[in-house]
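Please read the structure below before turning to the comments.
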Amino acid sequence: MQEPIAGAATLEGAAAPVSAVPEEPPFVSAILGDLGFCGHYLHCHRGGRSGRGHILYSLYMAGGTRTQRELGEQFDLKPGSLSELLAKLEAGGLVERTRDERDSRRLVVSLTERGEAEALAERAKRVRFRERCLACLAPEEQERLLGYLDRVKEHWRSLDGTD
């Protein structure tokens, strides 16, 4: 038996020993690890949330033109960060920025021909990915997976209080 450490607090009279971290329910760690992998994969292989492909595709889907402010709001980017990204796209000949004729305070971002071609290539990549990403599951399994993920998403929102 070990000797008590001088000056250490004791739990004499305590009803039960202090337990370690409670045991995790089965599969939780594996499920969270897999969800983390999927999130990381989507972020890295689909260009994050606001990369050049997303910006070009957003412009294309909006008819080729949006204001800089609209893009910033859509992608939750600070004006300086968006301006830096757009400057790189402009330098690459993918977009043009001009002042709005009706309101000179507003910057209008437009796709160039080259930018439209890249946006169409991005669209084709997205279509290919969506066609293949769940091909390992039968349609019924995809439907069940969607139901499970929706339930987990709603539960997590309730844990955060962000309904």
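The values are calculated or read from the model by the stated rules, or taken from the named source; none is laboratory data. In this text, all values refer to a predicted model and were calculated from it rather than measured experimentally. Cβ placement follows ideal geometry from the backbone for every residue including glycine, while neighbour counts extend to all protein chains displayed.
Points worth noting:
- Close pairs from region 96-113: first within 10 Å of THR67 (Cβ to Cβ), partner basic (Lys, Arg), Cβ under 6 Å, at least 6 apart: ASP100/ARG106; LEU107/ARG97; VAL109/ARG66; VAL109/ARG97
- Residues considered: TYR41, TYR60. Of these, the only one that is modelled with pLDDT under 95, within 30 Å of LEU86 (Cα to Cα), in a helix (DSSP H, G or I) and out of contact with any Pro (no Cβ under 9 Å at 6 or more places or on another chain) is TYR41.
- Scoring ASP103 on the criteria (1) part of a helix (DSSP H, G or I); (2) surrounded by fewer than 15 Cβ atoms within 10 Å (Cβ to Cβ) leaves a single failure, condition (1).
- Any pair with Cβ under 9 angstrom, 6 or more apart, that starts in region 33-46 at a residue that is at positive phi and ends at one that is surrounded by 10 or more Cβ atoms within 10 Å (Cβ to Cβ) and in a helix (DSSP H, G or I): none
- Filter result for GLU90 (over 22 Å from the mean Cα position of the chain (by Cα), surrounded by 14 or more Cβ atoms within 10 Å (Cβ to Cβ) and outside any strand (DSSP E or B)): yes
- Those residues of region 63-80 which are assigned to a loop (DSSP other than H, G, I, E, B) and under 16 Å from ARG97 (Cβ atoms), in sequence order: GLY64, LEU77
- Within region 113-149, considering residues that are among the acidic types (Asp, Glu) and within 28 Å of ILE31 (Cα to Cα), the one nearest to the chain's Cα centre (by Cα): GLU131
- Pair list, Cβ < 8 Å and 6+ apart or interchain, from region 145-157 residues that are free of Cβ contacts under 8 Å to residues at least 12 places away in the same chain to residues that are surrounded by 10 or more Cβ atoms within 10 Å (Cβ to Cβ): LEU145/LEU134; LEU145/LEU137
- Any hit, region 121-136, residues being of a type in the set (Asp, Glu), farther than 27 Å from TYR41 by Cβ and surrounded by 14 or more Cβ atoms within 10 Å (Cβ to Cβ): no
- Just one of the listed residues (LEU86, LEU56, LEU111) is in contact with a helix residue (DSSP H, G or I) (Cβ under 9 Å, 6 or more places away or on another chain), closer than 30 Å to LEU35 by Cα and not small (Gly, Ala, Ser), namely LEU56.
- Residues satisfying the stated conditions in region 52-87, i.e. surrounded by fewer than 12 Cβ atoms within 10 Å (Cβ to Cβ) and either within 19 Å of ARG114 (Cα to Cα) or not assigned by TED's automatic domain parsing to the domain that holds GLU116 (or both): MET61, GLY63
- Here GLU113 clears all of (1) surrounded by fewer than 16 Cβ atoms within 10 Å (Cβ to Cβ); (2) over 29 Å from LYS153 (Cα atoms); (3) modelled with pLDDT under 95 except the condition numbered (3).
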